[in-house]
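Below you'll find the structure, written out as structure tokens, and then a few comments.
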Amino acid sequence: MKPIYLAIVTLLCAVLAVAGPASAGPADITVTSSATDPPVLMKGDTGTLTVTIQNNGQNTVAISSARLYGSGVVPLSDSYASVGEIGAGNSKTFTFTVRADGGEGTFYPQFVLDFRDGAGSLRYPVPVQVEDTVLSASVIGKPDAFSEGRTADITIRVGNPRPNAASGVQVIPQGTGITVTPTGGFIGALAPDGSATVVFNLTPTTETDVAFQVIWRNGINTHTTDLVLPIAFGEDKRQADPVITNVEVTPIAGGYRIVGDVMNAGLESARSVLVTPGVPATPIDPFRVYVVGTLDPDDISSFEVTFRADAGTTEVPVVVEYRDDDGNRYAATTMVGVGSVAAAPLEERDGGIPLVGIIIVALIGLGIAGAIYYSWRRT
Amino acid sequence: MDTGFIRVLLNPGRFFEARMQDEPSLKIPALIALAIGLITAVSVIPITNITMAMLPAEMQSLGLLITIFSAAVAFVGGLLGWIIYSFIFYIVSMIFKGQGDLKRTVEFTGYGLLPQVFGGIIGTYFSYQLLSGLNVPPMTSPEQIAEFSESLVTILATDPLAQIAGLVGILFTLWSANIWIFGMKYARNLSTRDAALTVGIPVGLYILYSIVTLAGWL
């Protein structure tokens, strides 16, 4: 080789050695990963978009700025105005705060890296998914009918049809004229296609609408879903149903006696069952009230009540009071005719007649005994 | 006072002993029996009124007639009681070989009814007290009348007033029995023991029946 050729080759290598780093910049920088948090945004949600780049070349690359722009998903945070150099084999992560301003779908905001010294720029479309599907809530357990003051179990199931997990899920019952225990149910994280149930003890005092509000977070964004349950009072098909049968009315001194049977024809137990004569009858001793106690379904018990009624009374109500398992009080009334046997003395005797009578009998007896004794003594 | 009512009640032995000196006379005993009959007639008026109230409207016009008839039956019943007691004592005393005129037996039995006058008055008072407070509902069917009658019987059997009246009646019957013992002793010339048996057997049976009825054992 001629010396001149050797010099030219050496000079070229020197030039290449000096100019090498500048020419390797854009080609060696690659976007290795991108992610959003939450993974799937909802409309209006704010999240973070993270882009990681790596320098796959042998030389340091100088970067002037990093930017994100686009429509549908817009950046809220500022651009990286002065990034600096990234060494060979190194990685760097850029995080942007974004908001989903568009509709549903997959958006591609542009991630742009500007290299120094006019070496161009790197553009990378980052996919961001936006989906507005909300958590679902449904009532899976409730009584056939609600009753005033009667506690009912309400079971709410919350499902997550979204492609990403929901966090901080809780159910809060809201409404007036109700008492609910617990006042809120916490579920926590709910995986995609997962579900969880919450049971509430609800006691209504009036007919109303109860809203079960499902609150959850998608990332840092709080969302709610309402489930409305109308509370309309009705007859519980399972509730206790005391029925009075085999009634027999007997007049007694100062009033009447009613004996009969009371049977629970319902499907639930009747507790603390009391049988009393109602107005216009006035209960009198010895059976002003008859305590039956608990009547299980299909159970039967005899009862006996005594009362006084005014002249002209043809029928009187016999009231059966009972409670359910929650302590709520109920009353069932059965009219019993007394007209055809209304022969009871009406005068109030204050229960003193027997004592006065005994005294009268004793005095007469003493007098007669004295007369008899006297007659034999004089014989 | 030898023949006075007080002596009959308190000292019947001396009274009948004195009466034996005279001819038998039924005048005063008949007056006593009449008084008992009248009291009995008055005592059935309230129960008759209740019975009247139970009858249908078309039969209400017969009310006065039924009341008079009931009172008359009760009056005759009072007199019959005197005669029946007399014959029973006379027949029973024959077991003990009693000797004496039937008329004398009837006379002394009549005197022995004197305590029944007081017993009848007190019993009538109780009867009015008990029955005046009854409420008689309007009834349209024989079944209702029968049901009411049953309840009325129940009341009369269970009411304390009725039971007190029954006890008072028994006490006055005992008093009469005591007088009858002395009466039969002289009228039928019996020993005291035989006279007591003559009176005690029928009267005892009657009192036993009354007690059983009052206690509701029948």
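None of the figures in this text is laboratory data; all of them are computed from the coordinates on show. For clarity, every value in this text was computed on a predicted model and none was experimentally measured. Backbone-built Cβ (ideal geometry, glycine too); neighbour counts: all protein chains shown.
Measure nothing fancy, just the Cα-based angle from helix A:3-23's long axis to the longest principal axis of chain A, in degrees from 0 to 90, nearest 10. Taking Cα atoms only, the helix is inclined about 20 degrees.
Taking a straight line from the alpha carbon of B:Lys97, these lysines sit under 26 Å away, with near neighbours fewer than eight places off in the same chain left out: B:Lys185. Here A:Arg150, A:Arg162 are placed in order of increasing Cβ neighbour count within 10 Å, fewest first, which gives A:Arg150, A:Arg162. Divided by 2.2 N^0.38 Å, where N counts the residues, the Cα radius of gyration of segment A:242-341 comes to 1.05. Note on A:Val112/A:Thr197: beta-carbon distance plugged into 1/(1 + (r/R0)^6) with R0 of 56 Å gives a FRET efficiency of 0.70. Partner aspartates and glutamates whose Cα lies under 20 Å from the Cα of B:Lys27, excluding those fewer than 8 positions away in the same chain, are identified as B:Asp2, B:Glu17, B:Asp101, B:Glu107.
For A:Asp78 and A:Ile300, the difference between the fully extended length at 0.36 nm per residue and the C-alpha to C-alpha distance is 71.8 nm. Sorted ascending by nearby beta carbons within 10 Å, beginning with the fewest, A:Val291, A:Val262 become A:Val291, A:Val262. Using 0.36 nm per residue and subtracting the Cα-Cα separation, the extra length available between A:Thr133 and A:Phe186 on full extension is 17.0 nm. A P(r) calculated from all alpha carbon pairs of segment B:23-214, with 5 Å bins opening at zero, reads 1, 8, 14, 16, 17, 13, 10, 8, 6, 4, 2, 1, 0 percent.
Note on A:Lys237: aspartates and glutamates with a C-alpha under 17 Å away, same-chain residues under 8 apart excluded, are A:Asp144, A:Glu148, A:Asp153, A:Glu268, A:Asp296, A:Asp298, A:Asp324, A:Asp325, A:Asp326. Between the helical axis of A:353-377 and the longest alpha-carbon principal axis of chain A there is an angle of about 20 degrees.
Extent along the principal axes, Cα only, for segment A:21-130: 44, 21, 17 Å, with the longest axis given first.
In chain A, the inverse of the mean reciprocal separation of distinct Cα atoms equals 30.0 Å; this is its Kirkwood hydrodynamic radius. Computing Rg and the Kirkwood Rh from the Cα coordinates of segment A:136-231 gives a ratio, Rg/Rh, of 1.00.
What FRET efficiency comes out for A:Glu315 versus A:Val259 if R0 is 22 angstrom and r is the Cβ-Cβ distance? Round to the nearest 0.05.
0.85
Hey, with R₀ at 25 Å, roughly what FRET efficiency would A:Thr32 and A:Ser65 work out to, going by the Cβ-Cβ distance, to 0.05? That gives a FRET efficiency of 0.80.
A Cβ-based charge dipole, computed about the Cα centre of the protein assembly as shown with Lys and Arg at +1 and Asp and Glu at -1, lands at about 1920 debye.
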